[in-house]
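The values are calculated or read from the model by the stated rules, or taken from the named source; none is laboratory data. Small disclaimer: the values here were computed from a predicted structure and weren't measured. Cβ sites come from the backbone with ideal geometry, for glycine too, and all protein chains shown count toward neighbours. For accessibility, only protein heavy atoms count, side chains too; no ligands or nucleic acids. Shrake-Rupley method; radii C 1.70, N 1.55, O 1.52, S 1.80 Å.
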Amino acid sequence: MSAFQASARLWPARLHHLRRDSAEPERLARFYGELLGDRVEALPDSQWLVQGHGRRLVVGRGARAAVPYFALALRDAAQLAEYSAALDRLRLAREPSPSPLFAEGAFAVTDPDGRRIVFGLPLRTSGAQSALPARLQHFVCASTRLPEMLSFYRDTLGASESDRVLENEEIAAVFLRSDPEHHSFATFRAPESRADHHSYETGSWNAIRDWGDHMAKLRIPLWWGPGRHGPGNNLFFMIEDPEGHKVEFSAELELMTQEAPFRTWPHEQRTLNLWGSAWMRS
């Protein structure tokens, strides 16, 4: 089976939620509740759910700043069944879903860094409203195994490569999409494998302004930005949560067709921020 055939079954898939771990999960969940203005509720197994319109975050007990899984929602049961069968034909081991937010039939696979990706259908829809709109949109990790990660996400899971960053012909970063938005997942070369950041798509430059004003009211300083990324061409700023995990607020992320080929960018600060200085992972 070709990568394109697998991709045809994955597309479209959208980031639905992820899990953040902490030694103090309730404290972290309440930080995110205040940060986003969202409802916080207890779940079984010492987990917490932070939920607003278009965004969901599960917080559990575990290693500081870790993201043990992220979850992609597929279009419907038929697509989920077809995608599951495609992975079986590739002899990729499927595991039970660890997510409390997906219905029966969801499953997980493990990437080369040991992080799980969950595929499924939402168990419930949220009626939650949010004062400031921002949909959970992508997750990014740092990795010591960048070639293996690219091969796994592109050639096995079927994500489409949007952009890659090169340093002397060696890949320093790669951005992959599972729907028309430029990336739902990306990974950067780094000295250690770890979670890097997750991002909320706000929709417009004025919304970025409103979220910046919200951070000011909370006395949360901007850690990086505002700026504009090269890959994705999106406006952004980032803050840090209490454990050092980065949280991005983004707007106007580039849209691409499923068949569009990837582009290449040089490994330099301007690639990651067309407006100024950049966070260089390596």
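Among the DSSP helices (H) of the chain, those spanning at least 15 angstrom by Cα along their long axis with an average Kyte-Doolittle hydropathy of -1.0 or more are 25-36, 77-89, 205-218; this is a geometric and hydropathy rule only.
A prolate overall shape is assigned to segment 1-142, the ratio a/c of its alpha-carbon gyration tensor axes (a ≥ b ≥ c) being 1.5 or greater and a/b exceeding b/c.
Placing +1 on the Cβ of every Lys and Arg and -1 on the Cβ of every Asp and Glu, with no other charges, gives segment 4-110 a dipole of roughly 280 debye about its Cα centre. Averaged over residues, the count of other Cβ atoms within 10 Å places the peptides 260-269, 112-121 in the sequence 112-121, 260-269, highest first.
To put it simply, the accessible area of the chain at a 1.4 Å probe is 50 percent carbon and sulfur. Other residues with beta-carbon under 9 Å from the beta-carbon of Glu161 carry, at +1 per Lys or Arg and -1 per Asp or Glu, a net charge of +2.
Annotation: per residue accessible area for segment 220-275 equals 44 Å², rounded to a whole number [probe 1.4 Å, protein chains only]. Compute the signed sum of charges (Lys and Arg +1, Asp and Glu -1) over the other residues within less than 15 Å, Cβ to Cβ, of Ala216. Net local charge, Ala216 excluded: 0.
Per residue, the Cα convex hull of segment 49-101 amounts to 112 Å³.
Charging the Cβ of each Asp and Glu at -1 and of each Lys and Arg at +1, and nothing else, the dipole of segment 55-125 about its Cα centre rounds to 320 debye.
Ranking request for peptides 147-153, 203-209: highest mean number of other beta-carbon atoms within 10 Å first, then the rest in descending order.
Numbers: 147-153: 18.3, 203-209: 15.0.
My ranking of the peptides, most packed first, is 147-153, 203-209.
About its Cα centre, how strong a charge dipole does segment 198-247 have in debye, to the nearest 20, once Lys and Arg get +1 and Asp and Glu get -1 at the Cβ?
160
Pro122 sits among other residues whose Cβ lies under 13 Å from its own Cβ, and their net charge, with Lys and Arg +1 and Asp and Glu -1, is +3. Using every pair of distinct Cα positions in segment 141-185, the Kirkwood expression returns a hydrodynamic radius of 10.7 angstrom. In whole angstrom, the chain maps to an equivalent ellipsoid with semi-axes of 26, 24, 17, each derived as √(5λ) from the alpha carbon gyration tensor and ordered largest first. Start at zero, step by 10 Å, and the Cα-Cα distances of segment 86-212 spread as 11, 35, 35, 17, 2 percent across the bins. Taking springs between alpha-carbon atoms closer than 10 angstrom, which of Arg30, Arg39, Arg91 fluctuates most in the Gaussian network model of the chain? Checking each option, the largest mean-square fluctuation is seen for Arg91.
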